[in-house]
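Q: Below: one structure in structure tokens.
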Amino acid sequence: MDRRTALQSLLALGAASWVGTARAEAPGLTLIRINIPGPHLLPYVPIELIPLLGIDQALGAQLAIRYMPSGVQALENVVAGDAHFAGVGFSVMPNFVARGKPVVALATLSSGTPPYAVLVRNELAGTIHSMKDLKGRSIGIPLGSSTTKTYLQTLMELWLASYGVQSKQVRWVPTNMNLNGMYGALASGSVDAVFCEEPLSGTLVRKKIGTQLASLSDPKNPARIVGRQHLRAVIASTPDIVSSSPQRAEQMVRMLQRSMQWIRTTPPDKVVEKLGIEDTEQAADIADAIRRIPNLYSPDGRFEEKEIRSTRQFLQASGAELPAGFDIHSLIDDRWVRKPR
């Protein structure tokens, strides 16, 4: 990828189209539209697999997927009425509610310690040795809206703060949350570093486009982020959408549960093979990540109380706008993940 192509990838933030609508809308099937960051981002693989496995049609639905630059934009689009559901980081949801945009999470996708890493441009690897060396540097990361930070920015701010670096002491550069976006940001020299999730970090290192500075999944990592076991990626919607079509909401949850169960009983190579990724090395990176993090996906989408407690700690540490006495349970509608399948 040359500099011009890299810049084009970096700037292509808004292009999004529905995937799955190429199939003729079948009579008797409920059309369900969901926005997710991607494609092929680890937390949202279970959603991508739903139409590929035919799970949606088996449950009387037709799932149409649209890829968005970030989870915040995915959920903003749902609030605007252009989709039914979104894949998003749970920690951004209080910001929506604080601004008069009620949202609820229906099911969890992933849990545990976030497998994120910071990569720096190769030519800077000799001068940036620690997270504290990012002070005054530019960081490529998916950004949200003028009022709502993305989950990744919130997480990165907390990580930097543990090294004494404040958010205003770095320059945030909007970068698409996929391989082309991260690759373009580093290759073009538009940023000094990027913050991304596995397997993107491993792919970028393998392609010799970046050098890993630190990883949250490294047990030797000295960073101590409050609430590390917080709720991460979830499927969210609005109370109005859920109440107007509870059947659609239940179908979405059931589809997700079947997909996650299939992943847990299928070898990682076979899981990734189903995604049909043309880049064989990228596919191998994703399979390796799933193999190394066996509990990456929730078995049934349930919200664990220990995760909810950890999430409150995480939100308080991040400075989220939480009214006195705010109950995180008010952001959760778990009737279907609690209901026997």
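Q: Regarding the range 155-171, can at least one residue be identified that is crowded, with 17+ Cβ neighbours inside 10 Å, outside the structural domain of Val88 (by TED's automatic domain parsing), outside any helix (DSSP H, G or I) and within 18 Å of the chain's Cα centre (by Cα)?
A: No, every residue in the range 155-171 fails to be crowded, with 17+ Cβ neighbours inside 10 Å, outside the structural domain of Val88 (by TED's automatic domain parsing), outside any helix (DSSP H, G or I) and within 18 Å of the chain's Cα centre (by Cα).
Q: Still on this model: Of the numbered conditions (1) out of contact with any Phe, Trp or Tyr (no Cβ under 6 Å at 6 or more places or on another chain); (2) crowded, with 20+ Cβ neighbours inside 10 Å; (3) without any contact (Cβ under 8 Å) to a residue 60 or more places away in the chain; (4) closer than 30 Å to Ser245 by Cα, Leu106 fails exactly one; give the number of that condition.
A: Against the list (1) out of contact with any Phe, Trp or Tyr (no Cβ under 6 Å at 6 or more places or on another chain); (2) crowded, with 20+ Cβ neighbours inside 10 Å; (3) without any contact (Cβ under 8 Å) to a residue 60 or more places away in the chain; (4) closer than 30 Å to Ser245 by Cα, Leu106 comes up short only on (3).
Q: Kindly evaluate Asn77 against the criterion of being at pLDDT 95 or above, under 27 Å from Arg302 (Cβ atoms) and out of contact with any Pro (no Cβ under 8 Å at 6 or more places or on another chain).
A: Details: at pLDDT 95 or above: yes; under 27 Å from Arg302 (Cβ atoms): yes; out of contact with any Pro (no Cβ under 8 Å at 6 or more places or on another chain): yes.
Spelling it out, Asn77 is indeed at pLDDT 95 or above, under 27 Å from Arg302 (Cβ atoms) and out of contact with any Pro (no Cβ under 8 Å at 6 or more places or on another chain).
Q: A further question on this structure: Any residue in the range 11-19 that is part of a helix (DSSP H, G or I), at pLDDT 95 or above and not basic (Lys, Arg)?
A: Here is the first cut: in the range 11-19, the residues part of a helix (DSSP H, G or I) are 11.
With the extra rule that they be at pLDDT 95 or above, the set shrinks to none.
No, there is no match, as no residue in the range 11-19 is part of a helix (DSSP H, G or I), at pLDDT 95 or above and not basic (Lys, Arg).
Q: From (1) in a loop (DSSP other than H, G, I, E, B); (2) farther than 14 Å from Arg232 by Cα; (3) of a type outside the set (D, E, K, R), pick out the condition that doesn't hold for His329.
A: Result: His329 passes all but (1).
Q: Would you pick out the residues in the range 290-306 that are closer than 29 Å to Lys270 by Cβ and outside any loop (DSSP other than H, G, I, E, B)?
A: Correct list: Ile290, Arg291, Arg292, Tyr297.
Each row is one residue, and each column tells you yes or no for (1) crowded, with 17+ Cβ neighbours inside 10 Å; (2) more than 30 Å from Thr30 (Cα to Cα); (3) of a type in the set (Val, Ile, Thr).
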position: Ser243; (1), (2), (3): no, no, no
position: Ala249; (1), (2), (3): yes, no, no
position: Ser259; (1), (2), (3): yes, no, no
position: Arg264; (1), (2), (3): no, no, no
position: Glu281; (1), (2), (3): no, yes, no
position: Ile290; (1), (2), (3): yes, yes, yes
position: Tyr297; (1), (2), (3): yes, no, no
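Q: Would you kindly identify the strands (runs of 3 or more DSSP E) lying entirely within the range 178-289 that contain at least 2 residues that are closer than 28 Å to Trp336 by Cα? Give the steps one after another, and end with the answer.
A: Details: elements: 193-197, 211-215, 233-237.
Where strands (runs of 3 or more DSSP E) fall fully within the range 178-289 and carry at least 2 residues being closer than 28 Å to Trp336 by Cα, they are 233-237.
Q: When the range 143-152 is examined, which residues are found to be in contact with a helix residue (DSSP H, G or I) (Cβ under 8 Å, 6 or more places away or on another chain) and either at pLDDT 90 or above or farther than 11 Å from Val92 by Cβ (or both)?
A: If we filter the range 143-152 for residues that are in contact with a helix residue (DSSP H, G or I) (Cβ under 8 Å, 6 or more places away or on another chain), which is where we start, we get 143-145, 147-151.
Across the range 143-152, the qualifying residue is only Leu143.
Q: Follow-up. Is it the case that some residue within the range 78-86 is assigned by TED's automatic domain parsing to the domain that holds Pro239, surrounded by fewer than 17 Cβ atoms within 10 Å (Cβ to Cβ) and under 18 Å from Gln247 (Cα atoms)? Outline the logic, then answer.
A: Filtering the range 78-86 for residues assigned by TED's automatic domain parsing to the domain that holds Pro239 gives 78-86.
Subset that is surrounded by fewer than 17 Cβ atoms within 10 Å (Cβ to Cβ): 80-82.
If we keep only those that are under 18 Å from Gln247 (Cα atoms) too, we end up with 81.
Within the range 78-86, one or more residues are assigned by TED's automatic domain parsing to the domain that holds Pro239, surrounded by fewer than 17 Cβ atoms within 10 Å (Cβ to Cβ) and under 18 Å from Gln247 (Cα atoms).
The values are calculated or read from the model by the stated rules, or taken from the named source; none is laboratory data. Keep in mind that what you see is a predicted model, and the values were worked out from it rather than measured. For neighbour counting, all protein chains shown are included, and Cβ atoms are generated from backbone atoms with ideal geometry for every residue, glycine included.
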